Amino acid sequence: MLPSTRTPRLSRRSLLLALGGGALAGCGVPAAYVDPGDRAGADLSATERRLTWANWPLYIDVDDEDATRRPTLDGFERRTGIAVEYVEEINDNDEFFGKISPALMNRQRTDRDLVVVSDWMCARFVRLGWVQEMDRSRQPNVTEYLDPLLRSPAFDPGRRSAVPWQSGITGIAYNRRRVGREIRRVSELWADDLKGRVTLLSGLDEAFALLMQGNGVDITRWTADDFRTVCEQVRRKVDSGHIRRFTGNDYIKDLSSGDVLACQAYSGDVIQLQADDPDIEFVVPEEGAELWSESLMIPNLARHKTNAERLIDYYYEPEVAAELAAWVNYVCPVPAARDVLAGSKDEETAALAEDPLIFPDAAMRERLAVARDITAGERVDFGKEWNAIVGL
């Protein structure tokens, strides 16, 4: 049953530092790499009807009357008899990487069968060989319903190692009433009357793609020169005082208060902001915007791989995906869930089917792209350059 009300939730796009948590800073430590033949452990799924799933806080539907109940997850347990230990332990990608990397580096179990991290962190795990490929024969729903825009990122062609949990868009948010006009292009952030009232995201992985798109760059194949051009542009805007500051999710407070008029922002946050202030708008610029995901992965040596694959496929049933989307309000990776929501008898729930920040329309989809990730060889130098500009 779809919920009749939209429940506030927090964004998962936390403040992320480009260089991460120290260990394996460049992710190029040869000894850390695990060969394909050493990734699988004994799968106990047939005899142990359970799995452990690590996720971010407030990233799943909850019951109106009992916050300890999660309707979609409860439905999976009833249907399959598989007990799920659901642990809300991920608050930051790098922090979580630091927590489980010692085990993975040393070919040990993490005691987690399923984890959810941002795609740029997924790319790190894939490069290190720390996740198992999934058996798509056990995942017919993923095969049929996964959004074509998300099917084959550069770091994981075919999405064998990382299946999107939820997606979002990095674009521009602004207060139309206070700005007094529409903003439709990245270059319009640099208008003279916005000087000192603009913020950008501080995390390298969060910020660079949209700024490159403003320069007309194809972010699926950007180059080091494209990156350095962006850095020089941003450096000049910092020196001139045009950029007020760099932020994590705290741009929400600045935009709501009016201290900031326009900013780099995440689509999921703006859905919440618009409920309180309809003058706040989210824009996918004419030059394009980045479509990102936070994805489900099965770590090496997981004891319940088949159970985990089954749970992932369950969430790709359109009816289940619709129920989840109605709560979390991110871009749904299952476009077929739109028709399910549209058929709801509750008007507010049915209206979500028309929200382009949950189900991007055709015109918006043409302007969305999944950025090529920053490679291990690029990350240290790029991170130092970006952090020097941001002041980290």
Anchor Lys305: lysines whose Cα lies under 29 Å away (excluding residues fewer than 8 positions away in-chain): Lys99
Positive dipole terminus of region 123-246, leading residue within Ser137, Val230, Phe125 (C-beta point charges): Val230
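Direction-averaged shadow area of the convex hull around the Cα atoms of region 99-162, nm²?
Working: hull surface 19.1 nm².
Projected area, direction-averaged: 4.8 nm².
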Ala83-Asp259 pseudo-label distance in nm [points 7 Å out on the Cα-to-Cβ vector]: 4.8
Per-selection metrics, region 253-311 (Cα): Rg and Dmax in Å: 18.4, 50
Largest-first ellipsoid semi-axes for region 314-392, taking √(5λ) over the Cα gyration tensor eigenvalues, angstrom: 36, 13, 13
All aspartates and glutamates inside 15 Å of Lys345 as judged from Cα atoms, apart from same-chain residues fewer than 8 positions distant: Glu319, Glu323, Glu354
Candidates Asp225, Asp269, Asp119, ranked by Gaussian network fluctuation over the chain, Cα under 10 Å, top entry: Asp225
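I'd like the FRET efficiency for Glu286 and Glu144, computed as 1/(1 + (r/R0)^6) with the beta carbon distance as r and R0 of 30 Å, rounded to 0.05. Working shown, then result.
On the way: r = 33 Å, r/R0 = 1.09.
It comes out at approximately 0.40.
Would you list Trp120, Trp190 from the most to the least accessible area, probe 1.4 Å? Numbers along the way, then the final one.
Numbers: Trp120 25, Trp190 60 Å².
From most exposed to least exposed: Trp190, Trp120.
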For a label point 7 Å along the Cα-to-beta-carbon line of Asp38, residues of region 87-130 with backbone N under 17 Å: 101-110, 125-130
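Within 10 Å of each candidate Cβ there may be at most 16 other Cβ atoms; applying that plus a DSSP loop requirement, which trypsin sites (Lys or Arg not before Pro) in region 43-148 survive?
Listed in order of number, the matching sites are Arg49, Arg69, Arg107, Arg109.
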Cα centroid separation - region 156-218 against region 100-119, whole Å: 31
Partners for Lys384 among lysines (Cα-Cα distance below 19 Å; same-chain residues under 8 apart left out): Lys237
Potential extension, Glu182-Arg365 segment - 0.36 nm per residue separation minus Cα distance: 63.8 nm
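Find how much the distance from Glu347 to Thr375 grows on full extension, using 0.36 nm per residue of separation minus their present alpha carbon separation; answer in nm with one decimal. Intermediate results must be reported in sequence, preceding the final value.
Working: separation 28, 0.36 × 28 = 10.08 nm, distance 4.54 nm.
Separation in residues times 0.36 nm, less the Cα-Cα distance, equals 5.5 nm.
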Space enclosed by the convex hull of the alpha-carbon atoms of the chain, per residue, Å³: 128
Values of log10 I(q)/I(0), in the order q = 0.16, 0.25, 0.26 Å⁻¹, for region 162-244 under a Debye, Cα-only, solvent-free model: -0.69, -1.39, -1.45
Fraction of accessible area attributable to carbon and sulfur, the chain (%, probe 1.4 Å): 48
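At 0.36 nm per residue, minus the direct Cα-Cα distance, what do Arg236 and Arg160 gain on full extension? Give it in nm, one decimal, please.
Working: separation 76, 0.36 × 76 = 27.36 nm, distance 4.14 nm.
Going from the current span to full extension adds 23.2 nm.
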The chain - share of DSSP beta bridges that are antiparallel (%, nearest 5): 60
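The values are calculated or read from the model by the stated rules, or taken from the named source; none is laboratory data. Since this is a predicted model, take the numbers as computed values, not measurements. A quick note on method: Cβ atoms are made from the backbone with ideal geometry, for glycine too, and the neighbour counts reach across all protein chains shown. For accessibility, only protein heavy atoms count, side chains too; no ligands or nucleic acids. Shrake-Rupley method; radii C 1.70, N 1.55, O 1.52, S 1.80 Å.
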